[in-house]
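Chemist: Structure below; questions to follow.
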Amino acid sequence: MKKSEGEVYQVIKQHKSNYPNPIKLCKGQTVMVGEKYNGNEGWKNWIYCFTIDHSSEGWVPEQIIKKQGKQGLILEDYIAKELDVEVGEQLIKCKELNGWYWMKKIGTLEEGWVPIENVEELK
């Protein structure tokens, strides 16, 4: 694994997604803006959003929303896909955002979000 491809992490706590149909948004799309996340995990800057036609909903990073009253304009493509992981699996970190890493499984190359506290970097 080349360092330029991202750091390698190992799963230390299992994670299973509670959202089988994650919201998927495109740059320039308008959404309805809901409540901010307020949990004990310390995951800041997440806002629950709905597509205008209410066909999809989910948590979206506040940083990619330009709020316009009760609506918001999406500033970059985004998908809320969480990655199901098991203890011992190795992953490549691609991006960090609001307490989560966008990661890729070594082997299958499946990608998705994993809570930072569920993984540790391999040295």
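The values are calculated or read from the model by the stated rules, or taken from the named source; none is laboratory data. Just so we're clear, the structure is a prediction, and the values are computed from it rather than from any experiment. Positions of Cβ are generated from backbone atoms using ideal geometry, with glycine treated the same way; all protein chains shown enter the neighbour counts. These area figures cover heavy atoms from the full protein model, side chains too; ligands, DNA and RNA do not enter into them. Shrake-Rupley method; radii C 1.70, N 1.55, O 1.52, S 1.80 Å.
Chemist: If I take every Cα pair under 8 Å that is 6 or more residues apart in segment 1-102, average their sequence separation and divide by the length, what percent do I get for the relative contact order?
Modeler: 39 percent
Chemist: Counting only protein heavy atoms and using a 1.4 Å probe, what share of the accessible area of the chain belongs to carbon plus sulfur, as a whole percent?
Modeler: The C+S portion of the solvent-accessible surface of the chain is 48 percent.
Chemist: Here is a follow-up. With a ≥ b ≥ c the root eigenvalues of the C-alpha gyration tensor of the chain, is it rounded (a/c under 1.5), prolate (a/b larger than b/c) or oblate?
Modeler: Values: a/c = 2.15, a/b = 1.95, b/c = 1.10.
It is prolate, given that a/c is not under 1.5 and a/b is the larger ratio.
Chemist: Which whole-angstrom value gives the distance between the alpha carbon centres of segment 14-86 and segment 92-108?
Modeler: Each part's Cα centre sits 17 Å from the other's.
Chemist: Can you give me the accessible area per residue for the chain, using a 1.4 Å probe, in Å²?
Modeler: I get 61 Å² per residue for this part.
Chemist: Based on the Cβ-Cβ distance of Glu96 and Gln10, what FRET efficiency does E = 1/(1 + (r/R0)^6) give at R0 = 22 Å, to the nearest 0.05?
Modeler: 0.85
Chemist: What net charge is computed for the residues neighbouring Phe50, neighbours being all others with C-beta under 15 Å from the C-beta of Phe50, Lys and Arg scored +1, Asp and Glu -1?
Modeler: +1
Chemist: When averaged across all projection directions, what area in nm² does the alpha-carbon convex hull of segment 71-123 cover?
Modeler: 4.6 nm²
Chemist: Do any of Lys24/Lys93; Lys36/Lys123; Lys16/Lys36; Lys27/Lys123 go past 32 Å between their Cα atoms, and which?
Modeler: Checking Cα-Cα distances, Lys36/Lys123; Lys27/Lys123 exceed 32 Å.
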